[in-house]
Amino acid sequence: MVIDTRVCQKHAPCEDCIHACHHIHNVPQIPYKKHEIKWIWKDEFEHAFPDTAHEYANEVLKGREFLLLCNHCEHPPCVRVCPTQATFKREDGIVMMDMHRCIGCRFCMAACPYGSRSFNWRDPRPFIKDPNPEYPTRMKGVVEKCTFCTERLAQGKLPACAEACKYGAIVVGDLADPHSEINKILREHFTLRRKVHLGTGPSVFYII
Amino acid sequence: MHDAGKVIPGIIAFVLFVTLPFWSNFGKAAPKPQPEIPKEYKKCVESRDFMRREHMKLLRKWRFDVVRNNMRIYINSEGQPINMSLQNECMRCHSSKKKFCDVCHNYVSAHPYCWNCHIPPEERKGWATKEVKSLTEEASSKQPASHH
Ligand code: SF4
Ligand code: SF4
Ligand code: SF4
């Protein structure tokens, strides 16, 4: 996935991608910060890229907001620590969760360096205003995160966030295919990934 | 034995007392559960006998195939393709969890946790009943409860 942060900045404070994802996946809107659940959200440069940010960073970066979500890492630490294999990596590289198996131990949350995972401290259902009846909710005591819309990919659709963006800021594609659109974009632009030095191999790229 | 005259009737009384629930229900069977079968559909995924006996195993296989193997189509014994989904496929015909699933599950005291996450047809409209403000106050006043 490539996110063109210039486009996001131009159309700030657009949050269509976040609303689309959270609506179709029945992600609850919990106003109490400590119980918050999020699959995709925004944050500023120094939080998104703490190892790259410094106090002399230019004004443009300071004002820009960055979309953050699970990076579907190539070497996902969350998968290594999960004792039940509830979190696993699919053959196509997507880091997927099997909610039926999650025991809520939260090892994965400790292991993920990106804060991509949220724990259900409480029953999420009262906080889902307008549920999507075609997708399940979660229950109290499990961890959840972005699933790269596996249910939509299976139907030949794009991930909801990419589809929802009117400005085309989010592009998804096959990194393993050298002729894919996404590889072309990556060849032509300067991009950053989050915390690459940790060796997780994040698969979300940011055009700066 | 000195007190056989007291002990033996005592034992008999005790046994009778302990088995009282059994005697009081003797000969009266609890009514057979009558789950509501959809009228407009004649056939389920597999035969009725198979579904009665094996639906839980079938659903477990489906969940494994969909979530872990990214396979979404089940081919039944008649060669028909079926979308493997409890929430979107089973409940398309079985339009009431209360009148179908719950009837037998309550009878045998089985409590599968499918519906903690999957949305039953009855609840498609949602649950957001409380005001968000009161929930916030409630949330901040309570310590997070432990899991399960
Ligand atoms: S971003 Fe976090 S949750 Fe996602 S694959 Fe990487 S380590 Fe796992
Ligand atoms: S919380 Fe769930 S997904 Fe995370 S490590 Fe524990 S069992 Fe695995
Ligand atoms: S890929 Fe799908 S699940 Fe992940 S953030 Fe985008 S819309 Fe949400």
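Here, each number is a calculation from the coordinates, and none is a lab measurement. From a predicted model like this one, the values you see are computed outputs, not experimental measurements. For neighbour counting, all protein chains shown are included, and Cβ atoms are generated from backbone atoms with ideal geometry for every residue, glycine included.
Just want to confirm a number: the relative contact order over the stretch A:2-207, from Cα pairs under 8 angstrom separated by 6+ residues, in percent. About 29 percent, as a whole number. To the nearest ten degrees, helix B:4-18 and the longest principal axis of the Cα atoms of chain B are 20 degrees apart.
Highest-first packing order for the peptide set A:6-19, A:194-207, B:19-32, A:171-184 is A:194-207, A:6-19, A:171-184, B:19-32, based on the mean count of other beta carbon atoms within 10 Å. Normalised radius of gyration (Cα atoms, divided by 2.2 N^0.38 Å) for the protein assembly as shown: 1.29.
Once the Cβ-Cβ distance between A:LYS166 and B:SER96 is put in as r, and R0 is 41 Å, what FRET efficiency do you end up with, to the nearest 0.05? It comes to 0.55. Among A:MET96, A:MET1, sorting on how many other beta-carbon atoms sit within 10 Å of each Cβ, with the fewest leading, yields A:MET96, A:MET1. Estimated from helical segments only, the mean residue ellipticity of chain B at 222 nm is -10500 deg cm²/dmol, where each DSSP H run of four or more residues counts as -39500 (n - 2.57). Pairwise Cα distances in the stretch A:139-208 exceed 14 Å in 71 percent of cases.
Helices in chain A, meaning DSSP H runs of at least 4 residues, each add -39500 (n - 2.57). Divided by all residues, the mean residue ellipticity at 222 nm is -5500 deg cm²/dmol. Counting only other chain Cβ atoms within 10 Å of each residue's Cβ, the peptide B:13-23 averages 0.
Chain B: longest stretch without exposed GluC sites (Glu not before Pro) (DSSP loop, at most 11 other Cβ within 10 Å), sites themselves excluded? Counting only loop sites that pass the neighbour cut-off, the longest clear stretch is B:79-130.
Its alpha carbons considered, the stretch B:4-112 gives a radius of gyration followed by a Dmax of 22.4, 73 Å. Across peptide B:117-126, the average count of Cβ atoms from other chains found within 10 Å of a residue's Cβ is 5. Put simply, the Cα atoms of the stretch A:168-208 extend 28, 22, 15 Å along their principal axes, the longest span coming first.
To the nearest ten degrees, helix B:132-141 and the longest principal axis of the Cα atoms of chain B are 50 degrees apart.
In this entry, the stretch A:57-130 is assigned a mean projected area of 7.8 nm², taken as a quarter of its C-alpha convex hull surface. Averaged over peptide A:103-111, the number of partner chain Cβ atoms lying within 10 Å of each residue's Cβ comes to 1.
Remark on chain A: hydrodynamic radius 17.8 angstrom, per the Kirkwood mean of 1/r across alpha carbon pairs. Subtracting the Cα-Cα distance of A:ASN183 and A:ASP43 from their residue separation scaled by 0.36 nm leaves 47.8 nm. Sorting B:109-117, A:139-147 by average packing, meaning the other beta carbons within 10 Å per residue, from highest down gives A:139-147, B:109-117. The packing ranking, built from the mean of other Cβ atoms within 10 Å per residue, places the peptides B:66-72, A:51-57 in the order B:66-72, A:51-57, highest first.
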